[in-house]
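Accompanying notes for the structure given below.
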Amino acid sequence: MAPDHAGTLGYALGQIGAKAAFALIVPALAGYIAYSIADRPGIAPGMIGGMLAANLQAGFLGGIAAGFIAGYTARFLNTHIRLPRNLEGLKPVLILPLLATTITNLLMIYVVGVPVAAVRSALTTWLKGMQGASALVLGLVLSGMMAVDMGGPINKAAYASAAALLSSGVDAPMAAAMLGEMTPPLGLALATRLFPARFTQAEREAGGAAAVLGAAFITEGAIPFAAADPLRVIPSLVAGSAVASALALTLGVTLKVPHGGLFVLPIPNAVTNLPGAVLALAAGTLVTALTVGLIKKRPG
């Protein structure tokens, strides 16, 4: 986003993505962690804490800390503050957010922010220099989280962590997360073509939709298959995703955008080591397809 490109479409899209969307990643992460703990009173304290964490250079780790502090503070206050009935309606919209915001952000400034920023800086340095076995382990963990519940809370946690790291300039985990999430629906779509006898007619038809969803980085296309036979399908998905993510990190694949699937591959400089990304995705897809074909029973 060099200033001499101002006025171009690419510059405008960069403003939207880098300056606006990425700036919201940490506050949104903190806000919704707090919301999951304290419901509506936690949203504002969490988001403000997340924004402060970003300003303190504490990154996504600071955002996570702010979310938990805000959530549990708001819930504690909600439990222990007693007001007359005619003032009770002010608690969730004024009193709890105001008090929780004050407490959370004073803690962020005076207690949490500096040490978490130091940890985040050390973690970022470690991740940027990650090679060999450590890259393999991170790929296995991320991919397993992305594949195990296909868009559920574990998947969302892995994606949010990868996206937050991306905003901190660490772009290898995002590549592992995206490839790990694309592999399950693509692998199942391939399995329906290689082993049609293992699937019902409805599943074979769903394979086409799963392929399209997988190409677009949407793993939910795998859910009907996993729901029908979870004990065989889910381990197959995790195995394929593990191969894709670990291979991508071992080959030095990085991704500078948080979504898009196959559609980001042609974008210049979006993917580092494009052949490695394609190889990792193809290998993971094939592993999932073959594993499903070998262990899945024929429909009764």
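Observations
- Theoretical FRET efficiency, 1/(1+(r/R0)^6), r = Cβ-Cβ of Leu274 and Thr250, R0 22 Å, to 0.05: 0.90
- The dipole here belongs to segment 195-283: it is taken about the Cα centre, uses +1 on the Cβ of Lys and Arg and -1 on the Cβ of Asp and Glu, and is about 160 debye.
- For the chain, the membrane-span-like helix rule (DSSP H, alpha carbon extent of at least 30 Å along the helix axis, mean Kyte-Doolittle at least 1.6) picks out 274-295; this says nothing about an actual membrane.
- Range of Cα positions in segment 63-108 per principal axis (Å), largest first: 35, 15, 13
- Whether segment 198-300 is rounded, prolate or oblate, judged on the alpha carbon gyration tensor where a/c under 1.5 counts as rounded: prolate
- Excluding exposed DSSP-loop trypsin sites (Lys or Arg not before Pro) (at most 14 other C-beta within 10 Å), longest clean stretch of the chain: 83-296
- Stretchable slack from Ala12 to Thr102, in nm (0.36 nm times residue separation minus alpha-carbon distance): 28.8 nm
- For mean projected area of the Cα convex hull in nm², calculated from these coordinates, the label among [x] 19.4; [y] 17.2; [z] 15.5: [x]
- Annotation: extensible slack from Arg40 through Glu205 equals 55.3 nm (criterion: 0.36 nm per residue apart, minus Cα-Cα distance).
- Segment 240-300 shape via C-alpha gyration tensor axes, a/c threshold 1.5: prolate
- Inter-probe distance in nm under a simple model that places probes 7 Å from Cα toward Cβ, at Ile267 and Ile154: 2.9 nm
- Charge dipole of the chain (Cα centre as origin; +1 on each Lys and Arg Cβ, -1 on each Asp and Glu Cβ, all else neutral): 440 debye, rounded to the nearest 20.
- Under 5 Å, built H, 5+ apart or other chain: amide partners of Thr254: Thr272
- Inter-site label distance for His259 and Ser121 at 7 Å from Cα along Cβ, in nm: 3.3 nm
- Using a Förster distance of 35 Å, the FRET efficiency for Leu83-Leu24 (Cβ separation, nearest 0.05): 0.60
Where a number appears in this text, it was derived from the coordinates with a stated rule and is not lab data. Here the structure is a predicted model, which means the values were calculated and not measured. Cβ: placed from backbone, ideal geometry, glycine included. Neighbour counts: every protein chain shown.
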